[in-house]
1. Using the Karplus equation 6.51 cos²θ - 1.76 cosθ + 1.60 (θ = phi - 60°), what ³J(HN,Hα) coupling, rounded to whole Hz, does each residue of the range B:352-361 give in order, writing x for Gly and Pro?
2. For the range A:148-259, evaluate the Debye formula with one uniform point scatterer on each Cα (no solvent term) and list log10 I(q)/I(0) at q = 0.12, 0.17, 0.22 Å⁻¹, rounded to two decimals.
3. Starting with the fewest neighbours, write out A:362, B:332, B:337 ranked by other beta-carbon atoms found within 10 Å of each beta-carbon.
4. At a threshold of 8 angstrom on Cα-Cα distance, excluding pairs fewer than six apart, so keeping six or more, what relative contact order does the range B:94-301 reach in percent?
5. Which entries of A:324/B:161; A:247/A:324; A:73/B:293; A:324/B:73 show an alpha-carbon separation above 30 angstrom in the structure shown?
6. Rounded if a/c is under 1.5, else prolate if a/b beats b/c, else oblate: with a ≥ b ≥ c from the C-alpha gyration tensor eigenvalues square-rooted, which is the range A:212-317?
7. From the Cα trace of the range B:94-301, what convex hull volume per residue do you get, rounded to a whole Å³?
8. Say a label goes 7 Å from Cα toward Cβ at residue A:356 in every copy; what distances in nm does this one have to the rest, shortest first?
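What follows is calculated from the coordinates using simple rules that are stated; it is not laboratory data. From a predicted model like this one, the values you see are computed outputs, not experimental measurements. Here the Cβ is made from the backbone with ideal geometry for all residues, glycine too, and neighbour counts use every protein chain on show.
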Number of protein chains: 2
Amino acid sequence: MPSQNQKSTPGSEQDSLPCQFIPSTEIQRFVSACLAKAGADTASVDAVTRSLVGASLRGVDSHGIRLLPHYVKALRGGRINGAPQLKFSRRSGCSGCLDADDGFGHLAGYRAIEEATTLAQENGLGAVSVINSSHFGAAGSYPLVAAEAGYLALCFSNSDKLVLPFSGLLPFHGTNPISFAAPVANQHPYLLDMATSSIPLNRVLQYRAISRPLPEDVAVNDAGETTIDAAQVSALLPVGGQGYGYKGAALAGLCEILCAALTGMGFSHQLLAMAGPDYSSRRHLGHFFLVIKPEAFIERDIYFQQMDLYLADLRAQVAESGAKVMAAGDREWAEQERRRATGIPVDHAVMAEFADLAREFELQPLN
Amino acid sequence: MPSQNQKSTPGSEQDSLPCQFIPSTEIQRFVSACLAKAGADTASVDAVTRSLVGASLRGVDSHGIRLLPHYVKALRGGRINGAPQLKFSRRSGCSGCLDADDGFGHLAGYRAIEEATTLAQENGLGAVSVINSSHFGAAGSYPLVAAEAGYLALCFSNSDKLVLPFSGLLPFHGTNPISFAAPVANQHPYLLDMATSSIPLNRVLQYRAISRPLPEDVAVNDAGETTIDAAQVSALLPVGGQGYGYKGAALAGLCEILCAALTGMGFSHQLLAMAGPDYSSRRHLGHFFLVIKPEAFIERDIYFQQMDLYLADLRAQVAESGAKVMAAGDREWAEQERRRATGIPVDHAVMAEFADLAREFELQPLN
């Protein structure tokens, strides 16, 4: 098993932190074992492990395996139901609502995208709202499943308040992610997975830990003034910053409307904070998934030809010196290939937390 | 009829240009008459007039009545079919494709949202792709119709290349708009209508005309370097700018995939330029519309209660000095109220173009 003390590959979120590289199968074993010990049933264990390890493989470290200790805490505190009875109710020819029974958002996410795909298979489109859910990790995890099965898919979630509304001084929206995946013949899917803030909270925490200044125009202090000092950050700006953040804020609003207005769940500003201190109350998050069958609009082979053309032309564009033009997801798929070869970089802080979990649950530690 | 030489209300796109204020009914008369003289049939005249005057009333001047001379030119050149035979083909339980027969995108847009709404009424969701279309004006025009009928709706389009891909040096995507509208009880809808670039081309042209510097990080010269000199601008940056423009670029890609990959129409980089010089060839644009019935997910009254709660809380947020926190669309609805009272500001350049059209078509000029 490789165990190297080196910087991870550039471009991943882990760059600049010292890491050990661990094979994904070994991480899978450990993540699954911890979740099971903490009280999650097999379906929940599998869903959370799949989402976390998948995100870490793609380089989305903020939503990858570093969240394991958090989820263990949420399970044990009672916030998350480790053995939920999911209930899907079809509500129209191509829509339905999934009650996640306060289980893991990952389990709900995979189930919802599966139900939406079935609806789309029958009717061309399928959409599933999710109620009584919790954090679902990387939003890209779910559309990806649909794309791998040959469908296009969109996913939306809201999350507890952390982002200013445009012209506002205090956080109101969550980082409210939007993800989209589209199938490509003989290639990985096109994959967009974006927060509607410029940066995730995790970036602030990382930069705070290493006293590195943040970029301009992405975060504010508790007076609502922009700051590059990560230690002073109390909220984030929507994507577009002070000039054009009304676009990011309106996209955050789109997430609120689909995930809370259409579900009856909490708006971001009403949700209990993911980071606690309350780890016992249910969070009642909502999500929204939409799946599109290409044949509902065009012959499948023409769709695939068009995707090939778009992606080939995009990737062939003249780039800045030292860069290349990439399609959404290209960076992640390249990172996945690297990490499948080298293992997943796990920074020392996460290694230490995992060692604590190993001791506590009497599991063989990661190595 | 009021005719004042004064600056328009702040916040509208016309600010800093001297304008005359003309009642919308008078503008409607003139726009309709010109389009009819230029060869558009009644359905086309009504659709284009509705979209242009609606956009101008909401303050979206870049996509309002200033486009009239452009459309007249496109009609006469043969780019646009003024008497199209629209053909709608249902392709699945909740999807269909509308062939716009190379007519105005506005006519296609209103018809597509109507068909998608009918599908959503029956099945919970409805989506309609549009083929063989042309420029459709303000993307917000169409979801708005669905929202006024009690449905949520999304709209996507691509457009000729003008925006850099992330890390690229040359334009590849269009300003590819995304719009979304959601109904609100006894209020105007929530209305998001955004280009996936930070600014529209029209802003560059306006600033060039008055030698005003552009904001930082929104546009580039022909070497792909950022510039604030509007005279040097040859392309735009995606929203998010040099730091986070991969988000704007990926959203532009979402538009390409829905509007070109799923329709077989041209990608932005393949489309003939809206601004010519070729005004005779058909442009073969695609659009994509999605309509959602609230009851497909939740009881209608709960949806409306939730929207009220979200909007009231959002608008009550503490704002920067001199500003207020607004929901997407609030600025436009306030502008519409002002312009219904004062008339629509028409700048002198547009007045001169309209005077030329009046002479040519032997119509009573605007006044």
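1. Using θ = phi - 60°, the values come out as 5, 5, 5, 5, 4, 4, 4, 4, 4, 8 Hz.
2. With one equal scatterer per Cα and no solvent, log10 I(q)/I(0) is -0.45, -0.77, -1.07.
3. Fewest-to-most ranking of A:362, B:332, B:337: A:362, B:337, B:332.
4. 27 percent
5. Over 30 Å Cα-Cα: A:73/B:293; A:324/B:73.
6. oblate
7. About 126 Å³ per residue, rounded to a whole number.
8. Once sorted, the set of distances for residue A:356 reads 7.2 nm.
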